[in-house]
Every structure is written in C-alpha cells, then in structure tokens.
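Scroll down for the structure; my scribbles are underneath it.
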Amino acid sequence: MTHSDVRGPAPRFSERSAPTRQAILDAARARFASDGYDKTTVRSIAADAGVAAAMVMRYYGSKADLFAATTRAGFTALDLTQVPRHEIGERFARASLEPWERGDSAAMAALHRSAVTHPDAAAAVQRLIDTQLLPALKDAFPDDPDIEVKAGLMHSQGLGVIVGRYLLRLEPLASLDFEDLVRSVGRTLQHHLDHPMR
C-alpha cells in the first residue's frame, strides 16, 4: 500500500467544498495519529481544521465515518499485475513496510493500535483488506479460488511484523536490517501465494 491524495468522501459535494473537506481530513488524520481514536473528538478536529463541528458532520457523518475516511485516503491498492508471480511476495512486503520504515505511517499506527480494542478501527482494517489488498491480489491471481484466504494470511503476517517492529519495537526484530526483513517476509508471503490451501 502506498500513500496518495484524496478528492473527498462523496461525489454529491461540489468541487468548491473540496479544500474544506481536505482540511478536515488532514486535521482528522493528524489528530487520530496523535491522540488515538477514543480521545479524539469531532470538536477538536473541527478546531484544527478551522471549521464548525457541524461542517465535519455534514461532510463525513460521524467520527467513525471520518476515521474510516482517513484510512481510505492514505492508501491505494498496489498494482501487482505487471510483477512476475514469483516476485509478488517480496514486492508486496516492500511496498507495505517501506512507509513504516520511513516513519510515514502515523495514521496507520493509530489505526492498528485502536483496532485491538475499538470496533470502528477494526472495521477500518477490514475495509483496507477488502478494498485494497484483496483486489490487488485478485487481479494478479485471477485463477486462484483461495486468494481471499491467502490475502488474510498475508495480512496477518504483515500485521505481526508491523506490531513487533514498529509499534512494540521488539528486539531483535526492531534492529533487523530492512533488506533482510523484506526478503524474509517476502518469502513467507510468497509461500502463501504459491501453495494450495488443500
């Protein structure tokens, strides 16, 4: 998954409102990253964005919907269709972990921390799998009937690395050379892709 810009949450709003919607989204992403889901309020996001709280609700509906929008806004599905099949595991591992390695994943860190205890955050993680990870793998492996299960296994593998290395900073994983990490994780992901479930 890679970082990208976002146009807005819904096409029913005019382009004139796009800067306001983006300001709200940026403020929400920063606030969720710094304070977590539970401590963040719509009022605090509105104040950071320089708008009324009612404007946040108008454009995004609720705190939960806004939280989900911040996760969708930050990432797009990786195109794996032009990658040789035997290289997809490592390519996916690199694309998934590089933002964390650069320190560009504050919003995702907040999401993963909150997902353990908050249903809205857990649902947002599920949406990332369903709308970004799974479509990328289905496009690359259109003939694999077990690709949904494999996507879940791949995500669980990546999640373990993210929690251990970037959130908990457990050693020796936290100090492992990044290229060694990518190769090792990539081999595991490739195993899931190459081997039948039955």
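Each reported figure results from applying straightforward, stated rules to the coordinates on display, with no laboratory input. All values derive from a computational prediction rather than experimental measurement. All Cβ positions, even for glycine, are placed from backbone atoms using ideal geometry, and neighbour counts span all protein chains on display.
A compact table of results
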{"quantity": "Check: the chain dipole with +1 on Lys, Arg Cβ and -1 on Asp, Glu Cβ, in debye", "calculated": "740 debye"}
{"quantity": "Share of Cα-Cα pairs in segment 15-61 lying beyond 15 Å, as whole percent", "calculated": "35 percent"}
{"quantity": "Spatially proximal lysines relative to K39 (Cα-Cα < 23 Å; intrachain offsets below 8 disregarded)", "calculated": "K63"}
{"quantity": "Tilt relative to the chain, helix 63-74 - C-alpha long axis, 0 to 90 degrees, to 10", "calculated": "50 degrees"}
{"quantity": "Hits among lysines - C-alpha to C-alpha of K150 under 23 Å, sequence gap 8 or more where chains match", "calculated": "K138"}
{"quantity": "Estimated inter-spin distance, A95 and E179, nm [label 7 Å along Cα→Cβ]", "calculated": "2.2 nm"}
{"quantity": "Gaussian network model of the chain, Cα within-10 Å springs - most flexible of A151, A124, A53", "calculated": "A53"}
{"quantity": "Backbone HN-Hα couplings from phi across segment 184-198 [Karplus 6.51/-1.76/1.60, Hz, Gly and Pro as x]", "calculated": "5, 5, x, 5, 5, 5, 5, 4, 4, 6, 7, 9, x, 6, 10"}
{"quantity": "Inter-site label distance for T131 and Q82 at 7 Å from Cα along Cβ, in nm", "calculated": "2.5 nm"}
{"quantity": "Label selected from (i) 19.4, 68; (ii) 24.6, 75; (iii) 17.9, 55, the criterion being Rg and Dmax of the Cα atoms in Å as computed here", "calculated": "(iii)"}
{"quantity": "GNM flexibility winner over the chain from R31, R21, R183 (Cα, springs under 10 Å)", "calculated": "R183"}
{"quantity": "Environment charge of P196, counting only residues whose C-beta is closer than 11 Å and scoring Lys/Arg +1, Asp/Glu -1", "calculated": "-1"}
{"quantity": "Selected from G36, G103, G89 as most flexible by GNM, with the chain as the system and alpha-carbon contacts under 10 Å", "calculated": "G103"}
{"quantity": "Dipole of the chain, positive end: most advanced residue of L133, Y60, L153 [Cβ charges, Cα centre]", "calculated": "Y60"}
